1. Against the longest alpha carbon principal axis of the chain, how many degrees, from 0 to 90 and to the nearest 10, is the axis of helix 236-249 turned?
2. Provide the packing ranking of 169-175, 441-447, 77-83, 114-120, i.e. peptides ordered by the mean count of other C-beta atoms within 10 Å per residue, highest first.
3. By how many nm would the segment from Ile38 to Gln201 grow when fully extended, if each residue of separation counts as 0.36 nm and the alpha-carbon distance is taken off?
4. Going highest first, how would you order 335-346, 102-113, 301-312 by mean Cβ packing within 10 Å?
5. Which cross-chain or sequence-distant (5 or more) residues have an amide H under 5 Å from the amide H of Val57, H modelled 1.01 Å from N in plane?
6. When only C-alpha pairs under 8 Å and at least 6 residues apart count, what is the relative contact order of the stretch 314-479, in percent?
7. I want the local charge near Leu243. Using Cβ-Cβ distances under 13 Å, sum +1 for each Lys or Arg and -1 for each Asp or Glu among the other residues.
8. Among Ser288, Leu307, Ala128, whose Cα lies farthest out toward the positive end of the dipole of the chain, if unit charges sit on the beta carbon of Lys, Arg (+1) and Asp, Glu (-1)?
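Each reported figure results from applying straightforward, stated rules to the coordinates on display, with no laboratory input. Note that the structure is predicted; figures quoted are calculated from it, not measured. Note: ideal-geometry Cβ built from the backbone for every residue, glycine included; neighbour counts use all protein chains shown.
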Amino acid sequence: MSAGLEVGIAGPGPTTPPSEAKDWTLVTSDNTSVGPYICDAREYGDVENLPIDKILVGGQLLIHPALTGSDYLTVSLKGNQLQVRAGHYVGLLPINRDVVVRVRPRVTITSLSRILRISGYVPAEVPALTRDYPENEEGLPSILGVLAEAFVGAAEQVVQQGLLQEYESTTIDTSFPRGRILIGASLRHQLRGNPSRVKVQFAERKPDGPLNRLLKYVVVLLARQYSLLKQPRSGTMGIVRRLNRLYWHLRPVEYDSTLSFLNDRRVQSPETIPFSRAYYIPAVRLASLLVRGRGVEIGPEEGAVELPILLLDLAEAFEAYLRNALARELGVTLPGSHVLNGQDWVPGGRRGIFDPPNNHTPQATPDIVVHPPYNGSGQTPLVIEVKYKPMRDAVPRDDLNQTLTYGFAYGARVALLAYPTWEAEASSLTELGTIGELRVLVYRFNLGATSLQAEEEAFGKTVASLVAPRSDAAAAWECRILPSDGNGQSEPPTH
């Protein structure tokens, strides 16, 4: 960054305190709220239509502290022009309260949520910034920690500002009447020889209402889910301790295992909660989401569920997505096969490039290693290198060299390079050539297809044909089911 440009706190001017930098809604002189200015960019691309006057004031670059010194955005001078480029994260990046950069994937993707659900990829958080996400009917296990922490924070705000106490009708037998005396029931006491006892009914304020029952149910639900984690993530114990404190504060509230609180109008529509209790709304929205097992749609659309800014590294997500989708499909198409992560220290996974291995041997770490079902013959694994970059022409030499190295290290007969297609083109399989007994192929996977499930099935069947036992390989190659064009039509491979 050139001298003379300083990074300041996000806001309308250099003196804006950090506490005010969380407000991403602009207010005009007539108190009319307007949205921030939204600029578009693709991964690793320039930010388009950037309003320089809103990010550069008095020689100071106004950018939120959470985004400085990171790889979310890069700022430089090109000649006398200020240039802002997106990094490898996809999502919304509020530069300051006036400007938001919307970073989109560089390839067409039909459903980010499906990719995240199958991959198990955990999005990167920017805790200092929040935004509102729309609900999604399908849950995302990978963001359970994000939802849990957001819920705990919102529930703690409810406890701090006071639990809602609602009037509840109570009927008791007593010698010290209050409220309304129920004449008929009281006369029965007289007839039974209890002249000092009457039955009364009165209204009493209690915290045991539907909203608080919802909160208590989710506190217990999350505590149970965390107790089942085999490999707790960093910060898990802190969340569990906070859940225990919330449970203590909610001890007067009944635990409702029947979920009757879901019938309450305020639970179904949190926006109907009175203004005086508006602090309940974020907690109720999140609790309702968790009870129903729903998730959020991680994309550019706005919604009503407030969470920290979530950003996606699609290179990492795409690799895990293909590996997990392939494992699921081969479980059906080729039972007995094994799909491994070549970076894992497991039998059949990571190994040294050279034989015999020693402490100085470089490691072979392919993204995917597929071992065929054992049949007693000379079977070899198939290695797959996944590259999240649109490839229209020749395969980059570095990618090819890496794939060849891994193929020879594993003694494979087939090595596959997997790329996303360019601008939602049809999926295809191309054979690059053969070196010795090693065949090298390229598979282009259409992330923009109408049905990603159909693409996953086609990819699984194609790989199954390539790793079939040696004796059946020729027949499998001839009868393989080819990738679809995204609309249910089969496309022949390109050779």
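1. That helix lies at roughly 10 degrees to the long axis.
2. Most protected by this proxy first, the peptides run 441-447, 114-120, 169-175, 77-83.
3. Once the chain is fully extended between Ile38 and Gln201, it gains 52.8 nm.
4. 102-113, 301-312, 335-346
5. Leu62
6. 20 percent
7. +3
8. Most positive-ward Cα: Ser288.
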